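The values are calculated or read from the model by the stated rules, or taken from the named source; none is laboratory data. Owing to the predicted nature of the structure, the values given are computational and were not obtained by experimental measurement. Every residue, glycine as well, gets a Cβ built from its backbone with ideal geometry; the counts of neighbours run over all protein chains shown.
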């Protein structure tokens with residue numbers, strides 16, 4: 001059974017990925033945009049919808065448009081709620097449609113998600129999966145280009 005959606009605890013993943021937006025604070029717009037960009041590449045390669053949740057407000061229109069165009073949904077919690085609250089609600093709402101995967105290093109959140117019937121992955125494991133998937137996509141693209149170049153030369 002395939003996943004119907006991947007739910008990402010945005011700041012948890014940013015904190016676990018120091019090479020992403022090196023030199024920027026983990027809560028900066030630059031770091032969030034870098035995360036959204038890499039998740040967009042991953043989503044395009046994988047095909048599974050992704051929603052990224054961040055604590056707090058402050059998402060710019062520019063990032064919203066970028067996320068909407070690239071099929072990565074970005075949600076900021078409002079005052080009085082956390083990203084974890086929104087993730088838990090999403091797990092419950094998606095449950096009737098199939099399995100969802102939550103990406104977080106928050107152990108309490110992992111327990112809650114599994115109690116609601118969701119799956120979870122740690123951030124380091126997910127980062128490695130993204131790297132593997134994007135590497136494979138690049139190899140596939142390179143092979144395709146070589147075949148097309150050879151085919152073009154033969155005509």
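Of the residues in region 127-142, not one is over 22 Å from residue 54 (Cβ atoms), in a helix (DSSP H, G or I) and in contact with a strand residue (DSSP E or B) (Cβ under 9 Å, 6 or more places away or on another chain). For region 92-121, the set of residues classified as surrounded by 12 or more Cβ atoms within 10 Å (Cβ to Cβ), in contact (Cβ under 8 Å) with a residue 40 or more places away in the chain and out of contact with any helix residue (DSSP H, G or I) (no Cβ under 7 Å at 6 or more places or on another chain) consists of 94, 99, 101, 119, listed by residue number.
Just name the residue that is nearest to residue 87 (Cα to Cα) out of those in region 47-60 that are within 11 Å of the chain's Cα centre (by Cα) and buried (at least 17 other Cβ atoms within 10 Å of the Cβ). If we take residues in region 47-60 being within 11 Å of the chain's Cα centre (by Cα) and buried (at least 17 other Cβ atoms within 10 Å of the Cβ), then 53 is nearest to residue 87 (Cα to Cα).
Among the residues that make up region 24-46, is at least one of them modelled with pLDDT under 85, over 11 Å from the mean Cα position of the chain (by Cα) and crowded, with 16+ Cβ neighbours inside 10 Å? Scanning region 24-46 turns up at least one residue that is modelled with pLDDT under 85, over 11 Å from the mean Cα position of the chain (by Cα) and crowded, with 16+ Cβ neighbours inside 10 Å.
Screening residue 9 on (1) in contact with a strand residue (DSSP E or B) (Cβ under 8 Å, 6 or more places away or on another chain); (2) within 20 Å of residue 136 (Cβ to Cβ) shows it passes everything except condition (2).
Annotation note: Cβ proximity below 6 Å between a residue of region 65-82 that is surrounded by 14 or more Cβ atoms within 10 Å (Cβ to Cβ) and a residue that is at pLDDT below 75 (sequence gap 6+ or interchain) occurs for 74/67; 76/57; 76/59.
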